[in-house]
1. Once label points are set 7 Å from the Cα along Cα→Cβ at both ALA52 and GLU6, what is their separation, rounded to one decimal in nm?
2. If I take every Cα pair under 8 Å that is 6 or more residues apart in region 55-95, average their sequence separation and divide by the length, what percent do I get for the relative contact order?
3. May I ask you to compute the full-extension gain from THR69 to VAL22, defined as 0.36 nm times their residue separation minus their alpha-carbon distance, rounded to one decimal in nm?
4. How do LEU93, LEU16 rank when sorted from fewest to most other Cβ atoms within 10 Å of their own Cβ?
5. Only Cα pairs under 8 Å and at least 6 apart count here; give the relative contact order of region 53-139 as a rounded whole percent.
6. Using only Cα atoms, locate the centre of region 48-97 and the centre of region 104-127, then give the distance between them in Å, rounded to an integer.
7. Just subtract the alpha-carbon distance of ARG134 and ASP107 from 0.36 nm times their residue separation and send over the number in nm, one decimal.
Amino acid sequence: MPIRAETRCRARALQLLYTWDVMGALRPEPVAFGRIMQLVDAGPRVGERAMALAERAAARCAELDGHITRAAERWRLERLGAVDRNLLRLAVLELLEEPTPPKVVIDEAVRLAHWFGGHRSPGFVNGVLDRVARDLGRL
């Protein structure tokens, strides 16, 4: 089954946020973005959407982190792995901004957690996003 364009977009946005995060500053870095897009051979529409999604997440990082911190009881944000932290940021952003049904947002995030995260990431991501969606009144 081919991977949907929206899934590829979310994956590229995650890679971009991860890159910014491990570089020590969550802010757009066009050179890093260009290299990621070259490495993964993303088309222009996927690349543009991924960049926009990552930039919005970076701009609202403090707000997104607040939602994550409240939902991830007993987990400090800095203790989360960079993949999980940035995947949660993207998904919470979508829960706040996008008309996408929350179950779709959560399923996509869990799929990306399987691809990019550790073996416990999918369950953790699912639990945190379920709580955030409920807190936002989306579930």
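1. Here the answer is 1.4 nm between the modelled labels.
2. That works out to 51 percent.
3. That pair, THR69 and VAL22, stretches by 15.0 nm at full extension.
4. On the way: LEU93 23, LEU16 26.
Least to most surrounded, the residues fall as LEU93, LEU16.
5. Relative contact order here is 30 percent.
6. 13 Å
7. Numbers: separation 27, 0.36 × 27 = 9.72 nm, distance 1.51 nm.
Gain on stretching ARG134 to ASP107: 8.2 nm.
All of the numbers you see were taken from the coordinates with simple rules; none came from a lab. The structure presented is a predicted model; accordingly, all values stated were derived computationally and were not measured. Positions of Cβ are backbone-derived with ideal geometry, glycine not excepted, and every protein chain shown enters the neighbour counts.
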